[in-house]
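The values are calculated or read from the model by the stated rules, or taken from the named source; none is laboratory data. As the structure is a prediction and not an experimental result, all values here were calculated from the model. No Cβ is skipped: glycine too gets one built from the backbone with ideal geometry, and neighbour counts run over all protein chains shown.
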Amino acid sequence: MRREYSHEGDHIEALKPVVTVSRYRGITRANHWVTALSLILLALSGLALFHPSLYFLSGLFGGGQVVRWLHPIIGVVLFLSFFLLFLQMWKLNLPRREDATWVARIGDVMAGHEEKLPELGKYNAGQKGVFWAMTVLILVLIVTGLMIWEQQVHLWRDYAPWAATIPARRIALLVHALSAVGIILVFILHVYAAFWTRGTLRAMTRGNVTGGWAFRHHRKWLREVARRQNTPPAE
Amino acid sequence: MTTERAPQPTTAAANPPVQPMASNLLPTDLVRISATANVPAPERQLTKVAKLIDVSKCIGCKACQTACIEWNDTHPAVEENVGVYENPHDLTPEMYTLMRFSEYENPGTGDLEWLIRKDGCMHCEDPGCLKACPAPGAIVQYSNGIVDFISANCIGCGYCVSGCPFDIPRIHQTAHVSKKCTLCSDRVAVGQGPACAKACPTQAITFGTKDDMIALANERIEDLQSRGYDNAGLYDPQGVGGTHVMYVLHHADKPGLYAGLPADPRISPVVESWKGTTKTVGLAAIGLAAAGAVLHGIFAKANKVSAEEEHEAEELVVKTASAPVPPSSVPPENRGGL
């Protein structure tokens with residue numbers, strides 16, 4: 001059977017009392033939370049340097065000097081951590097025909113009329129948007145971040161002198177700040193959507209969702225996972 | 001406090017008062033403080049000071065560098081001689097001022113001119129370093145025009161390096177603070193001129209009120225023009241609001257001849273938009289998005305799964321599982337991978 005809409009490990013966990021479908025294995029969840037924690041720490045420490053009114057946030061880390069060296073290190077952790085998530089998720093986040101319909105009917109999405117929307121695979125267009133926005137922004141942030149990492153400037157000077165020039169660093173600072181605002185907005189959207197769509201959070205905590213959740217939001221995914229069940233239903 | 005406050009210095013040439021005197025550069029004399037929105041209006045306005053560097057009188061002896069090292073107690077590394085006169089090779093966190101030597105073949109006269117410029121902080125009236133700085137109080141500007149780095153508040157991020165239109169600040173790689181010329185603010189505070197001006201044997205470096213220095217520069221320019229330097233002029237770039245370190249140049253029409261002195265320095269528009277629109281609009285966008293998400297989360301109807309949907313899901317799963325699976329529907333190439 002083709003695996004078009006689901007991940008290899010996705011399976012029906014139980015039928016009773018309600019159907020539960022596994023969505024993320026433990027390692028993926030751990031990977032997600034390392035990324036999430038890094039992003040939160042980066043946002044807090046980055047905002048401290050972004051706006052004077054938020055400089056007090058540097059106190060959470062032990063002061064501005066600590067933020068100066070810690071922020072870029074967490075940035076590298078986030079990059080590597082997200083890269084592992086990317087490897088696991090990129091395929092199911094490729095755009096499909098039904099995504100255009102979903103976007104066109106965003107009003108129905110917001111109103112909760114999902115019966116008017118096409119059946120979807122593991123991710124809807126909104127989730128795919130978050131995924132690709134995160135991917136692009138993280139790439140931009142790591143490159144510009146490395147360019148303005150004062151202690152590493154000598155690396156650029158040796159291997160790519162153009163990136164160590166002051167005009168290049170100015171642009172990197174501006175682009176870094178803009179992308180950081182962008183990623184915080186995407187982050188807010190991501191967290192908001194996870195809360196608003198009830199029953200979603202458990203996918204990243206316990207690792208599974210109810211059948212009804214899958215039926216409502218990701219029916220193609222549910223169908224494919226169900227079709228893969230060749231074991232008889234559990235007692 | 002019985003000690004009197006020191007007078008504001010008007011020259012570096014005179015000997016300073018010898019009796020102990022209290023600092024006359026006070027926290028209340030600050031007109032700008034980095035990453036601080038509302039600086040209280042100073043109670044008094046200090047006389048604007050300036051250092052005038054007459055490039056035409058400089059003999060390149062580096063006494064100013066030596067005096068700077070001695071006064072500021074810095075320890076520039078001993079470097080290798082690579083066959084140029086600059087020593088050290090560049091401004092460093094331990095070398096706040098540097099004689100830069102340029103050889104210029106004047107196409108008008110055919111002469112080889114040896115242009116020597118003492119490089120260092122220009123003490124801009126509108127300082128780009130201060131604008132870029134994210135650490136409150138790490139960069140300050142006094143009402144007499146001196147721009148000073150306060151190491152205790154500095155976090156060593158290097159934003160000032162990008163903010164400066166003259167490429168002056170240098171980050172100390174072990175102390176992790178930014179360093180540059182202070183215009184000897186600690187000497188000026190007690191009525192003395194900068195160490196470099198004091199040490200200069202030809203008075204190519206002079207110090208005094210900005211008005212006096214402009215008047216002196218005009219005298220020098222007139223003299224230079226009368227002796228064939230038609231383009232002699234004062235370098236006090238208005239793009240940064242004027243500077244408190246000024247040059248008399250024999251070729252004021254071509255400042256770039258002097259080791260790349262910028263012709264029209266200003267705070268880069270990139271830095272302006274980063275520290276202007278991006279900062280305010282960005283923070284507002286984040287704040288609005290966060291507030292909107294919280295409010296919508298509390299008051300709007302959540303997207304809930306119904307019991308009916310749970311039931312339909314169960315039917316779907318049971319029905320699918322009991323349906324016969326055609327054996328040919330699993331191509332082997334699709335079994336591996338993610």
_Residue ranges of strands (runs of 3 or more DSSP E) in segment B:50-157 with at least 2 members acidic (Asp, Glu)_ = B:98-105, B:112-119
_Hey, B:Pro262 closer than 18 Å to B:Asp119 by Cβ and surrounded by fewer than 19 Cβ atoms within 10 Å (Cβ to Cβ) or not_ = yes
*How about segment A:195-235: which of its residues are small (Gly, Ala, Ser), at pLDDT 95 or above and touching a Leu at 6+ places or on another chain (Cβ under 9 Å)?*
A:Gly211, A:Ala214
*Looking at (1) within 30 Å of A:Glu115 (Cα to Cα); (2) at pLDDT 95 or above, find the lone condition where B:Val325 falls short.*
(2)
*Tell me, which helices (runs of 4 or more DSSP H) lie completely within segment A:124-232 with 2 or more residues that are more than 9 Å from chain B (Cβ to nearest Cβ)?*
A:125-147, A:153-159, A:166-196, A:202-205, A:219-228
*What is the one condition in (1) surrounded by fewer than 15 Cβ atoms within 10 Å (Cβ to Cβ); (2) on the phi < 0 side of the Ramachandran plot; (3) more than 19 Å from the chain's Cα centre (by Cα) that A:Gly62 does not satisfy?*
(2)
*Under 8 Å by Cβ, and 6 or more places apart or on different chains, what pairs join a residue from segment B:177-200 that is in contact (Cβ under 8 Å) with a residue 24 or more places away in the chain and under 14 Å from B:Ala50 (Cβ atoms) with one that is assigned to a loop (DSSP other than H, G, I, E, B) and hydroxyl-bearing (Ser, Thr, Tyr)?*
B:Cys181/B:Tyr96; B:Cys181/B:Thr97; B:Gly193/B:Thr11; B:Cys196/B:Thr97
*Of the residues B:Cys184, B:Cys160, which single one is closer than 21 Å to B:Ala67 by Cβ and crowded, with 23+ Cβ neighbours inside 10 Å?*
B:Cys184
*Considering A:Trp102, A:Trp33, which residue is more than 8 Å from every other protein chain (Cβ to nearest Cβ), touching a helix residue (DSSP H, G or I) at 6+ places or on another chain (Cβ under 8 Å), surrounded by fewer than 16 Cβ atoms within 10 Å (Cβ to Cβ) and touching a residue at least 24 places away in the same chain (Cβ under 8 Å)?*
A:Trp33
*In this structure, does B:Ile155 turn out to be within 8 Å of chain A (Cβ to nearest Cβ), farther than 19 Å from B:Gly193 by Cα and without any contact (Cβ under 8 Å) to a residue 24 or more places away in the chain?*
yes
*asked:* Going through A:Leu120, A:Leu92, A:Leu80 one at a time, which residue ends up being buried (at least 17 other Cβ atoms within 10 Å of the Cβ) and part of a helix (DSSP H, G or I)?
replied: A:Leu92
*If B:Val271 satisfies every condition in (1) in contact (Cβ under 8 Å) with a residue 24 or more places away in the chain; (2) within 12 Å of chain A (Cβ to nearest Cβ); (3) surrounded by fewer than 16 Cβ atoms within 10 Å (Cβ to Cβ) but one, which is the exception?*
(3)
